[in-house]
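Below: the structure, in structure tokens.
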Amino acid sequence: MIFAAMCHDKPGMLETRLAIRPTHLAYLNAHPTVVKAAGALLGPDGAAAGSLLILDCADQKAAETFCAGDPFAIAGLFGSVEVKPWRQAVGAPVG
């Protein structure tokens, strides 16, 4: 099942994001069957302010567990994480 995870950074955490980013990317790249697409959410200034992940997981719990294991989450970067089932309607298939 496909899920969209919207992860919003806590204010003032850009330095933490930049420091942890290589480990975060390694985590995502180590799970190519789970991570179908991923990228930064940007703030009004164009700087990264969160993450959007499109995940292929067995169920909601598995998607939430994957997000909790993200080095960004472990570092306390996120102020909130919302994981929702997602159905693609347009574009190249991600699932």
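Derivation of every value follows stated rules applied to the coordinates shown; laboratory data play no part. This one's a predicted model, so the numbers in the text were calculated from it and none came from an experiment. Glycine also receives a Cβ, built like all others from the backbone with ideal geometry; neighbour counts cover every protein chain displayed.
Being surrounded by 13 or more Cβ atoms within 10 Å (Cβ to Cβ) and within 13 Å of the chain's Cα centre (by Cα) is a property that holds for Ala40. Reported count of residues in the stretch 9-39, each being farther than 18 Å from Ala68 by Cβ and touching a Ser or Thr at 6+ places or on another chain (Cβ under 8 Å), is 1. If only residues of the stretch 65-93 that are among the aliphatic types (A, V, I, L, M) and either touching a Lys or Arg at 6+ places or on another chain (Cβ under 7 Å) or free of Cβ contacts under 8 Å to residues at least 60 places away in the same chain (or both) are counted, the one that is surrounded by the most Cβ atoms within 10 Å (Cβ to Cβ) is Leu77. The set of residues in the stretch 11-36 being surrounded by 13 or more Cβ atoms within 10 Å (Cβ to Cβ) and either in contact (Cβ under 8 Å) with a residue 60 or more places away in the chain or in a strand (DSSP E or B) (or both) consists of Met13, Thr16, Arg17, Val35, Lys36.
Quick check: is even one residue across the stretch 40-57 part of a helix (DSSP H, G or I) and in contact (Cβ under 8 Å) with a residue 40 or more places away in the chain? No - not one qualifying residue is present in the stretch 40-57.
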